[in-house]
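> Have a look at this one.
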Amino acid sequence: MKSIASTLLVSATFVLALAAAPVSAQDLKIGYVNSERVLREANPAKAAQAKLETEFGKRDRELNDQAQRLKAAADKLEKDSVAMSESDKLRRQRELVEMDRDLQRKRREFQEDLNQRRNEELASVVERANRAIKQIFDSEKYDIILQEVIFAGPKVDITDKVIRALNGPAAAPAAAPR
């Protein structure tokens, strides 16, 4: 009998707590920021992407050219292999293998360098976005601003505000921090 009464008391307390929760939740000011959208649409993110493309574009084109030369050499070997001696064929195959190794090494190095620079540039954009979010949080008196959620309605989505703050004149790269 005592366990049934205590179970009912716990259940009643839980139901009352749930009923009271929406009242207190209405007092909360909640915001949500879609970080992916900020990193895709904000001017500083676009500038960082353009900077990376400028910095790594030439190297990428050189790697693509080297891959085309390797493919052309492999095609030529396949075509000419019928008329070649076995020793010439083996020598050219070894050259192709060495060219392929060199290309793969250069591609790995390129990817590592690109990833490192991308992380540096994104860290800078994220830092600026976080400052903008903090400014919005303080100025508009939010109780909480979330970045990772499963679902969020348009009423709490402040992503556009963050993007506007990053795109504004105060967010220009030449502006000195205060």
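The values are calculated or read from the model by the stated rules, or taken from the named source; none is laboratory data. All values reported here derive from a predicted model rather than from experimental measurement. Positions of Cβ are generated from backbone atoms using ideal geometry, with glycine treated the same way; all protein chains shown enter the neighbour counts.
> When the range 91-113 is examined, which residues are found to be surrounded by 11 or more Cβ atoms within 10 Å (Cβ to Cβ) and over 30 Å from Leu52 (Cβ atoms)?
Arg91, Arg92, Gln93, Glu95, Leu96
> Here is a list: Asp75, Asp88. Which entry is exposed (fewer than 12 other Cβ atoms within 10 Å of the Cβ), among the charged types (D, E, K, R) and part of a helix (DSSP H, G or I)? Please lay out each step first, then the result.
Values: Asp88 fails: exposed (fewer than 12 other Cβ atoms within 10 Å of the Cβ).
Sole residue among the options that is exposed (fewer than 12 other Cβ atoms within 10 Å of the Cβ), among the charged types (D, E, K, R) and part of a helix (DSSP H, G or I): Asp75.
> Considering only the range 117-151, state which residues are farther than 18 Å from Asn167 by Cβ, assigned to a helix (DSSP H, G or I) and aliphatic (A, V, I, L, M).
Hit for the range 117-151 is Ala123, nothing else.
> Let me ask something else about it. Assess whether Pro154 counts as being over 16 Å from Val33 (Cβ atoms), under 26 Å from the mean Cα position of the chain (by Cα), at pLDDT below 95 and not in a helix (DSSP H, G or I).
Values: over 16 Å from Val33 (Cβ atoms): no; under 26 Å from the mean Cα position of the chain (by Cα): yes; at pLDDT below 95: yes; not in a helix (DSSP H, G or I): yes.
So Pro154 fails the test.
> Right, another one. In the range 50-75, which residues are of a type in the set (A, V, I, L, M, F, W, C) and either touching a Lys or Arg at 6+ places or on another chain (Cβ under 7 Å) or touching a residue at least 60 places away in the same chain (Cβ under 8 Å) (or both)?
In the first step, residues of the range 50-75 are kept if they are of a type in the set (A, V, I, L, M, F, W, C); the result is 50, 52, 56, 63, 67, 70, 72-74.
Those that are of a type in the set (A, V, I, L, M, F, W, C) and either touching a Lys or Arg at 6+ places or on another chain (Cβ under 7 Å) or touching a residue at least 60 places away in the same chain (Cβ under 8 Å) (or both): Leu52, Phe56, Leu63.
> With the condition kept exactly as written, say whether any residue in the range 36-50 is part of a helix (DSSP H, G or I), more than 30 Å from Ile150 (Cα to Cα) and either at pLDDT 95 or above or not aromatic (Phe, Trp, Tyr) (or both).
Taking the range 36-50 and keeping what is part of a helix (DSSP H, G or I), we get 36-41, 43-50.
From what's left, more than 30 Å from Ile150 (Cα to Cα): 50.
If we keep only those that are either at pLDDT 95 or above or not aromatic (Phe, Trp, Tyr) (or both) too, we end up with 50.
Yes, because at least one residue in the range 36-50 is part of a helix (DSSP H, G or I), more than 30 Å from Ile150 (Cα to Cα) and either at pLDDT 95 or above or not aromatic (Phe, Trp, Tyr) (or both).
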